[in-house]
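Enquirer: Have a look at this one.
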Amino acid sequence: MGFYRLLNRTARLMALRRDLFILGICFLIAFVESALAIETKIAFLSTRDGNAEIYATDSDWTAPVRLTRHPAIDSFPAWSPDGTKIAFTSNRRNGSTYEIYIMGADGKRPVRLTKNNQLVPAYDESPSWSPDGRKIAFASNREGNSEIYVMHVKGKKIVRLTVTVATEETPVWSPDGMKIAFASGIVFAQSDIFVMNANGANPVNLTQNPQPINENPSWSPNGERIAFQAWRRSNHDIYVMDADGSNVVRLTHHFAWDAYPAWSPDGRKIAFTSLRNLVGEEIFLMNPNGTNIVQLTHGSEEWMNRMASWRPAPQAVSSKGKLVIRWGRVKQSR
């Protein structure tokens, strides 16, 4: 009997150790997620100081910090996957040509990535980082028509992904790096949300809506849904759909213009821009089902606050350079 008592005691001890290990892991995850919540930052465009500049703020929005200081127009901020850099669009080189730049998260050391011909004004805009941080997709009319391009993070090896007669805009990489969503259509007339392979192959129209405007897609962090803005029911609102274009749900129900949706890194919130206060563009926050709308910026009718971009959570990239893994979110895509 002594042998069986010893065996039972050993089993209980192993179970206790297992439970303590699991408890420790739970505390670690809670600690990490708490730290991530504290470190949450959002970059956005604002004209609060009289010019279109890039700002960043903590999640409490009490003290936005101005990152760019240039008389040119700086817009379309986009955080790098590791949160150390911000890509943006600016016409600071000659006032007429818009190009892609990157800078440190503190706004210092801006570097121009694209180099267009100064004699023919072009528009390089809407930068979007690949999840592994190696490439940047962007929209450009450098060859006459607005198309989607991709380049190395240092501005080299620029490749055109789309070749159409339509206007292609606002590319955004899927969380797994395999797809790129974008808007395609005729400016101010009709556009739909498309998704294509990261190499430009197999473009698929997701919205296929008879209403004229569907634009500015934003992937959920788990890649299962896409938020976008659309003109439907004689109103401009934020919608969300499954990644295959099914199950379209209207999130905002206001007579004002709602635009530029942006998912938070944990998938629990969507930031967006709205004119609902009728005193300038402000940034708001809501749950992914459209509830609990909270105003984040507070300006005046002269202010413009738009294009919110969340700093990603700390992450690691797999050995294949494709799968992005966030602490506390390992099982999110399963």
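Enquirer: I'd like the full set of residues that are in contact with a Phe, Trp or Tyr (Cβ under 7 Å, 6 or more places away or on another chain), among the aliphatic types (A, V, I, L, M) and part of a loop (DSSP other than H, G, I, E, B), limited to the stretch 276-312.
Expert: The answer is Ile293, Leu296.
Enquirer: Kindly evaluate Val150 against the criterion of being more than 14 Å from the chain's Cα centre (by Cα) and either of a type in the set (Phe, Trp, Tyr) or part of a loop (DSSP other than H, G, I, E, B) (or both). Quick ask: steps written out before the conclusion?
Expert: Values: more than 14 Å from the chain's Cα centre (by Cα): yes; either of a type in the set (Phe, Trp, Tyr) or part of a loop (DSSP other than H, G, I, E, B) (or both): no.
Taking the combined requirement at face value, the residue does not satisfy it.
Enquirer: Output the residue which, of all residues in the stretch 186-197 that are of a type in the set (A, V, I, L, M) and assigned to a loop (DSSP other than H, G, I, E, B), is surrounded by the fewest Cβ atoms within 10 Å (Cβ to Cβ).
Expert: Here is the first cut: in the stretch 186-197, the ones of a type in the set (A, V, I, L, M) are 186-187, 189, 193, 195-196.
Still in the running and assigned to a loop (DSSP other than H, G, I, E, B): 187, 189.
Details: Val187: 13, Ala189: 9.
Top of the filtered list is Ala189.
Enquirer: Pick from Thr62, Thr57, Thr89: which is assigned to a strand (DSSP E or B) and at pLDDT below 95? Write out each step before concluding.
Expert: Details: Thr62 fails: assigned to a strand (DSSP E or B); Thr89 fails: at pLDDT below 95.
Answer to the selection: Thr57.
Enquirer: Something else now. Within the set of pairs 6+ apart or on separate chains, which have a first residue in the stretch 120-147 that is under 22 Å from Ser174 (Cβ atoms), a second that is of a type in the set (Lys, Arg) and in a strand (DSSP E or B), and C-beta atoms under 7 Å apart?
Expert: Listed pairs, sorted by first residue: Glu147/Arg160.
Enquirer: I've got another one for you. Pick from Gly133, Gly155: which is within 18 Å of the chain's Cα centre (by Cα) and either of a type in the set (S, T, N, Q) or more than 26 Å from Phe284 (Cα to Cα) (or both)?
Expert: On the way: Gly155 fails: within 18 Å of the chain's Cα centre (by Cα).
It is Gly133.
Yes or no, residue by residue, for (1) polar (S, T, N, Q); (2) modelled with pLDDT under 95:
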position: Asn247; (1), (2): yes, no
position: Trp263; (1), (2): no, no
position: Ala271; (1), (2): no, no
position: Arg276; (1), (2): no, yes
position: Glu301; (1), (2): no, yes
position: Met304; (1), (2): no, yes
position: Ile325; (1), (2): no, yes
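The values are calculated or read from the model by the stated rules, or taken from the named source; none is laboratory data. Predicted model only: the values in this text are computed from it and were never measured. Counting neighbours? That spans all protein chains shown, and the Cβs are built from the backbone with ideal geometry, glycine included.
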